[in-house]
Every structure is written in structure tokens, then in C-alpha cells.
């Protein structure tokens, strides 16, 4: 009798975490992961730091190679193998071997869809020109690093003012490149409120980044097949290289093809065990819908930590265990140059419909004692429900040593703490680390 077979579509955070967890739970399970790219289990979040030269060696981004999965865990990870179709009635997937240029089928007993997210590629005139890049994959990162090392572009324009644009702006500035950001929103980072985003915009400007916010790119000028400028309704920005960082979207095409229900932003609907409505088909990671724990509403966020936790839950349950993923607060953290940014929960812009009465408070403080040499400005904003006082969310923008305070707030959200309870937290103090009254306590 042949062993039960798990086939996984995808090869990064959710996929390989699920594979590893399923192997821990069931030694006899046959596990095959199919990844159309050149790598599995890699540190996608480290891409901006490789592009910027902070990480020197490309291999540092590779967490585990296919041969390591095979030798250490008896997991078969096939790179350059693209799943074209899923056939639930037959229990098979149709695969294209991109190196061998052939198609074949593989049967499954359990199937996990972990296809992740894909870059938003706006259909603008000239977007297919040479010199226009995204940074979704390690191949993208290698291509950008090579251009920066060998071609030395003088002017880079980033289309998009989100996390991708912010982190790559820092990376390009490390190469002493002239950087401009074109963004549709009036401030950088729509995942924080505009008053906090204004602090980020000011910090980027101080870094020497030219911001053109409230302007959407309308197209690209092209010369001899290569991009030469980014066009907005207000101006034309000359460019030697363009980075499109217009956001991410769930990669749910295979799920849509087999009729799986889709949710917010075309995510795959799953239950808290990562099951889909089709028997023996599971889904996890950046392609699935989850729950915003503050509101209980459907939610989508592309975060490696969330994808890994979902993969662990899926792997446990596929192997016969019982685990669940309750949802997320969408806790995120990043940096650009000297500025750190973090957020958790919901923000004012999420509450504009009046469904939850709320109040906000903001404190402008210091990361540590003012007289200590490493002291930096820090701004922290909290949002709480009027009446109950329940904490709903928080945002932090500041210098080095600011952002990790977001984990205090995320923990407080998990415990459903009120503002008064947050203000009473017993937080450590020493001059190199905090002020006597930590900024979290001050703002609460």
C-alpha cells in the first residue's frame, strides 16, 4: 500500500512551513512541494537589504535549499515546476516542468494551495519597457542588484508609496542614487493614519528622497525600448530605472479556476483550520482570507509571520492534528534610513463609517532618556473605543529604538486591555532604553 501523499502548490513561507510541520507530525507522509520559481524557503523580507548592499551575500537569503529538504526531512521540493491546473474530481494536478519543457500529472491525497501574492502591475502606457522592475522574487532582487553594481543608474523613480517603495527608497539611497517617489495618497504608507504618515514623509524628505504625493503615475516615456521617464498629471520625471511598488494582491487564480469561494480582494476563503470547502484541499499564506481580530471582519494582509503561522496550522491539520489560526491584528514593522515605523490593530481611517465610537491620543516623546547620547524623537498614537476604553490600535514613528514597542501594543490587543490597563503596565526603565515614563504609558 502506497503512502498518503501531500502535494503543495508553492514553495515559500506558508508552503514549506506546512511541509516541515506535516513531516514532524507524520514521518510516513509523502510530501511534494511544487514551486515555479528558482528557490524555495527564502527570506523575501530581506530583499530590500540585499538590493541596498546591506546583505552582501545572496545565499544569506536562502533559508533552505531543495536538496536540504530532501536530505534532512525527506521532503521533495521541485523548483521550476509550475502547477497549471487542479483537478479535484480526479485528485490530480497538472504540472509544467519549465526546465524540461514537458507537462505531466501528479496525484494527491491532500492538496495545499500556498501560491502567495503577486505584484500589482498597473496597465499603464509603456510599462513593458526595459528598465522597469518589481521586487517580488529573489530573481528580481538579483537583477536590481546587478543593475546597481554595473550600470550605476543616476536617477530612480519609485511608483508607489507603500512598504515596498519605502524600503527600496532606502536601498537606492545607499547606492547614492537620486530617488523620487510618486504616490497616489497624500502621505506615505496608507497603513498608518495621515498624521503619522506625514512624519514618515518628512523623514524621507530629510533623507534626500523627492516626494511627489497625491499624484498617480499615468504612464512611462520610452526611448529605444527603454524607460526614460515617469509621467504624472503634474510632471515628467526623468528616470534611468523605475521600480513599480504599487502593492500586492493574492495569487488565487488556481483556486478561482476550480470554483473555490473567494473573499476580500479575491482571497481564498478558508476556515480557521485552513480548510477550503472542497474536501482534502487546504490553503494558507498570502493567498487566503483571514480575520481582523479587532472587528472580526474578513481581512487580508501579506505578512511572512502570518503566512508561516497559517502554514504551521495547515501542516498540523493535514497530518491529522487539531490546530487553528484565529486571525491577525496586522502588526507590521519596517524602517527607512534612521526612521522606524510600526502599526497594529485598526486605524482612524478604518473607523470613518462610525460603527465604533473612538478616541485617539498622540504623544511626541523620546526613545530613551533625553540626556542619553542615543536618544531619538518618537511619536506614538493610540486608538481606543469610547465607553469601554478598549484599545483598538496603535502606530509608532520614530528614531532607532522606537518601533519594537509595537509588540507591547499587540500583546495588549491580544489581552483585550483597556487604555487604563495599558497605562498601568509595569514596563522596565533604564536611561539607555526608555524614559522614566515609557512613551506607551504616556500616551495611554
Open item on the list: I'm trying to understand the selection: among the residues of segment 385-404, which are over 16 Å from residue 191 (Cβ atoms) and either surrounded by fewer than 23 Cβ atoms within 10 Å (Cβ to Cβ) or out of contact with any strand residue (DSSP E or B) (no Cβ under 9 Å at 6 or more places or on another chain) (or both)?
Closed with: 385, 386, 387, 388, 389, 390, 399, 400, 401, 404
- [ ] Return the residue satisfying two criteria in turn: it lies in segment 341-356 and is in a loop (DSSP other than H, G, I, E, B) and at pLDDT 95 or above, and of such residues it is nearest to residue 291 (Cα to Cα).
- [x] 346
TODO: Considering only segment 265-295, state which residues are touching a helix residue (DSSP H, G or I) at 6+ places or on another chain (Cβ under 9 Å), outside any loop (DSSP other than H, G, I, E, B) and more than 23 Å from residue 120 (Cβ to Cβ).
DONE: 275, 281, 282
Task: Residues of segment 319-340 satisfying the condition of being under 30 Å from residue 170 (Cα atoms) and either in contact with a strand residue (DSSP E or B) (Cβ under 8 Å, 6 or more places away or on another chain) or at pLDDT 95 or above (or both) - done: 328, 329, 330, 331, 332, 333, 334, 335, 339, 340
Task: Complete set of residues in segment 152-193 that are out of contact with any helix residue (DSSP H, G or I) (no Cβ under 8 Å at 6 or more places or on another chain) and without any contact (Cβ under 8 Å) to a residue 40 or more places away in the chain - done: 152, 176, 178, 184
Open item on the list: Given the criteria out of contact with any helix residue (DSSP H, G or I) (no Cβ under 8 Å at 6 or more places or on another chain), at pLDDT 95 or above, within 30 Å of residue 130 (Cβ to Cβ) and buried (at least 20 other Cβ atoms within 10 Å of the Cβ), does residue 222 qualify?
Closed with: no
TODO: Give segment 115-145 a look and list any residue that's touching a residue at least 40 places away in the same chain (Cβ under 8 Å), more than 27 Å from residue 57 (Cβ to Cβ) and in a loop (DSSP other than H, G, I, E, B), or say none.
DONE: 115, 120, 121, 122, 124, 125, 126, 127, 129
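Could you pull out the residue among 13, 18, 22 that is within 23 Å of residue 139 (Cα to Cα), surrounded by 20 or more Cβ atoms within 10 Å (Cβ to Cβ), within 26 Å of the chain's Cα centre (by Cα) and in contact (Cβ under 8 Å) with a residue 60 or more places away in the chain?
The unique qualifying residue is 13.
Across segment 146-168, which residue is surrounded by the fewest Cβ atoms within 10 Å (Cβ to Cβ) among those that are in a helix (DSSP H, G or I) and more than 15 Å from the chain's Cα centre (by Cα)?
In this case the residue turns out to be 150.
The values are calculated or read from the model by the stated rules, or taken from the named source; none is laboratory data. Not measured: the values here are computed from a predicted model. Every residue, glycine among them, receives a Cβ derived from its backbone with ideal geometry; neighbour counts consider all protein chains shown.
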